[in-house]
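Note sheet for the following structure.
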Amino acid sequence: MYTPVTPASIYIDLEGMNLGREGRISIIRIFLYPHNHVYLLDIRTLGATAFNHATNTGTTLRSILESFMISKVFFDVQNDSATMFHQYHVELAGVHDLQVMEVGTRAHPGKYLAGSGKASWSATKEIGKTLFSPQHGGSFEVFELRPLPEAIVQYCVQNVLLLPELWHIYNQALTLASREKVEAEVKNRIRHSQSPRFIGKGIHMVLAPQL
């Protein structure tokens, strides 16, 4: 079992069109917790360059995402992983999935995973919901606009800022045994997301794993 750097310092979320095996990434937002800074990466414009451009030390976004030793936190990693793998051949590793961690803290497993609204940041989604939510007359194509509307910029920033609080809550609540089960389940989810048979929509996506 690997020993990633803790506490987790990198929090990641994707926005795009039909994220999944055949989806397209518009923006990757990355919150570097130690620096208290959010970066919005324009994948629509940069494409594969965003993953492969190297610093003076040879570090790339790809090398960070694929490192077992650098902890990255996602909420529901499956479709994000599927998009990055099938579109850019990025093989995620060292991932903490808040949605699976939450299941690991339950006294009783329950049937369903917690959605983002149940995970305490539903108010943040109100910032841009009318612009990107089809149920509210919006469209996810708003993430393709350049420059981004200010409301979407604020949504992207505020949404990812709330992830560290959830990580700390769930991480403290996990036992050694439940932590190992969560880690194994996250690895399985990433591996499954890279399969050509992966389907990122449907009732199966909201069923809680039996940890």
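The values are calculated or read from the model by the stated rules, or taken from the named source; none is laboratory data. All values derive from a computational prediction rather than experimental measurement. Note: ideal-geometry Cβ built from the backbone for every residue, glycine included; neighbour counts use all protein chains shown. Ligands, DNA and RNA are excluded from the accessible area calculation, which covers all protein heavy atoms including side chains. Shrake-Rupley method; radii C 1.70, N 1.55, O 1.52, S 1.80 Å.
Among the listed residues ARG146, ARG179, identify the single one that is surrounded by 14 or more Cβ atoms within 10 Å (Cβ to Cβ) and not hydroxyl-bearing (Ser, Thr, Tyr).
That would be ARG179, the only listed residue that is surrounded by 14 or more Cβ atoms within 10 Å (Cβ to Cβ) and not hydroxyl-bearing (Ser, Thr, Tyr).
In region 31-46, which residues are touching a residue at least 40 places away in the same chain (Cβ under 8 Å) and open to solvent by less than 20 Å² (accessible area, probe 1.4 Å)?
Correct list: PHE31 only.
Of everything in region 47-75 that's surrounded by 13 or more Cβ atoms within 10 Å (Cβ to Cβ) and touching a residue at least 60 places away in the same chain (Cβ under 8 Å), which residue is farthest from PRO7 (Cα to Cα)?
Ranking the candidates gives PHE75 first.
Among the residues of region 47-99, which ones are farther than 16 Å from MET17 by Cα and in a helix (DSSP H, G or I)?
THR49, ALA50, PHE51, ASN52, LEU61, ARG62, SER63, ILE64, LEU65, LEU98, GLN99 - these are the residues of region 47-99 that are farther than 16 Å from MET17 by Cα and in a helix (DSSP H, G or I).
Give the residue that is nearest to ARG21 (Cα to Cα), with candidates limited to residues of region 184-208 that are assigned to a loop (DSSP other than H, G, I, E, B) and in contact with a Leu (Cβ under 8 Å, 6 or more places away or on another chain).
Here the residue is GLY200.
Looking only at residues that are buried (at least 16 other Cβ atoms within 10 Å of the Cβ) and within 19 Å of SER26 (Cα to Cα) in region 88-128, which one is modelled with the lowest pLDDT?
ILE127
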